Structure formats: structure tokens, C-alpha cells
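The values are calculated or read from the model by the stated rules, or taken from the named source; none is laboratory data. Here the structure is a predicted model, which means the values were calculated and not measured. All Cβ positions, even for glycine, are placed from backbone atoms using ideal geometry, and neighbour counts span all protein chains on display. What goes into the accessible areas is simple: the full protein's heavy atoms, side chains included, and nothing from ligands, DNA or RNA. Shrake-Rupley method; radii C 1.70, N 1.55, O 1.52, S 1.80 Å.
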Amino acid sequence: MAASSDNLMAQIEALRAALREREPRDVAFRSGVEFDAEGFRFKFYGEPYRITYPALDVIVETSNKVCNPYYAAMFLYYLHTADGTPPSGKWIAFRDLPDGTFYHQAYQGYSGDRLARALGNQLEMFERAAQKLDGMKLTLGDAAYAFDALPRVRVAAVYYLGDEDFPATANVLFDESSSHYLPTDGLAGVGRALVDRLLRVASQK
């Protein structure tokens, strides 16, 4: 899904064309989104979006403005890829996604590593931010929370405290079913977006 601006716009138009060939209610059923007279409705980390139909413009509901092309492509890919596979309840690392091994180091750098560098051993700061984002507590690591990124894409942030020999570490994991809803580079964007939100909330007084 990573692409230049021109390629990204071409991908968006191709996705729109493909989605217009499908029954919208079937698309909504497979992706777990709502469909009404104004189009598809869903939330991304709790923030409401709308995809108009049949134009398939991606709108930020809170501002009623067109969202940025990267997110637009991500959400259209979600509708296009979704096949209705239920969540597995099993967490996997980015490297376990299709072709994830090749990109794992880069992904870890801007997801878990960035989170741990920013927060260090301030575990309570991580937990407070996760709770403010409606994270669901898990029994992994020293603290962990699951988040509904999209209706059928669930991710988890897992935090490990450091000691005198090793710094704190963190990982952003995915439900094993996630590749049924987004390509691997799209899921990388989902993980990055979670860390962005956690750090933004953690920095608030």
C-alpha cells in the first residue's frame, strides 16, 4: 500500500472501481461496517468515518471533510479485502503476517521501539493512555491492552519494563485474522496509528 502520491491516487481509483462492482450490503456484512443511504459507516480507533456510496469518498464525520489519501486508501482496502473471517483470539507479531519478516525491523522501529523510547519505565503512563483510548486489559507482559482499530481488526500493545541491564520494550501485535482485512503494509499503518495515539494521550497533562 506504500506508494507515491500519484500511485496512491491510482490505487484509490482502482479500489473504488472494484468496490462499485460489488453488492454494497455484502461488502458491509463482510467488513462489519454499517451501510445506509449515505454510505458505509465505521470507526477507526473510536473516531467515526463515512465512505459515501457510490462515489466512495472517505469523510471524517467529526469535520465532514475528506480524509487524507493514505487513510482513504487504507479504509478502501479494508472494505475490498474483508472476507468476514472471525477474530481468532490469537496474537501474532508483525513478522508473522504475510511478507512481514522483511519489514519487521522497520515496523518495530516506528511502533514498539518508539513507544518504549518515549515512555521508558513509566508503566503507569502507558496504562493511563491505553485506558483513555478504551483499551481492554490483557494478561501479557508487564501491561498489555487490546484495541479495536477497525470493526474486525484488533491490535494489542504489550509493554515490558526494563532493568539496569536492559531498557523497556514494547510490541504492537495483531489478531491472527488481520490479514483477511488489510494487506501487511496497511496493518503497519494501523500499528503506527496506535502508537501515535498512545503517545499523544500520554503527553497530555
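Taking (1) at negative phi; (2) in contact with an Asp or Glu (Cβ under 8 Å, 6 or more places away or on another chain) in turn, G89 satisfies each apart from (1). May I ask you to verify whether T169 is polar (S, T, N, Q), under 17 Å from D113 (Cβ atoms) and either in contact with a Ser or Thr (Cβ under 9 Å, 6 or more places away or on another chain) or open to solvent by 10 Å² or more (accessible area, probe 1.4 Å) (or both)? Yes; evaluated as a whole, the condition is true for this residue. Checking each residue of segment 136-146 against the condition of being closer than 26 Å to Y71 by Cβ, aromatic (F, W, Y), buried (at least 22 other Cβ atoms within 10 Å of the Cβ) and in contact (Cβ under 8 Å) with a residue 24 or more places away in the chain gives no match.
Once segment 41-75 is narrowed to residues that are among the aliphatic types (A, V, I, L, M), in contact with a strand residue (DSSP E or B) (Cβ under 7 Å, 6 or more places away or on another chain) and over 25 Å from K132 (Cα atoms), the residue that is most open to solvent (accessible area, probe 1.4 Å) is V66.
Restricting R128, R95 to residues that are over 21 Å from V201 (Cβ atoms) and out of contact with any Cys (no Cβ under 6 Å at 6 or more places or on another chain) narrows the list to R95.
Note on segment 120-135: among residues that are in contact (Cβ under 8 Å) with a residue 24 or more places away in the chain and surrounded by 19 or more Cβ atoms within 10 Å (Cβ to Cβ), the one that is nearest to R152 (Cα to Cα) is A130.
Residues of segment 92-114 being crowded, with 19+ Cβ neighbours inside 10 Å and either at positive phi or among the aromatic types (F, W, Y) (or both), which ones? F94, Y107, listed by residue number.
The listed residues are R154, R117, and the only one of them that is open to solvent by 50 Å² or more (accessible area, probe 1.4 Å) and touching an Asp or Glu at 6+ places or on another chain (Cβ under 7 Å) turns out to be R154.
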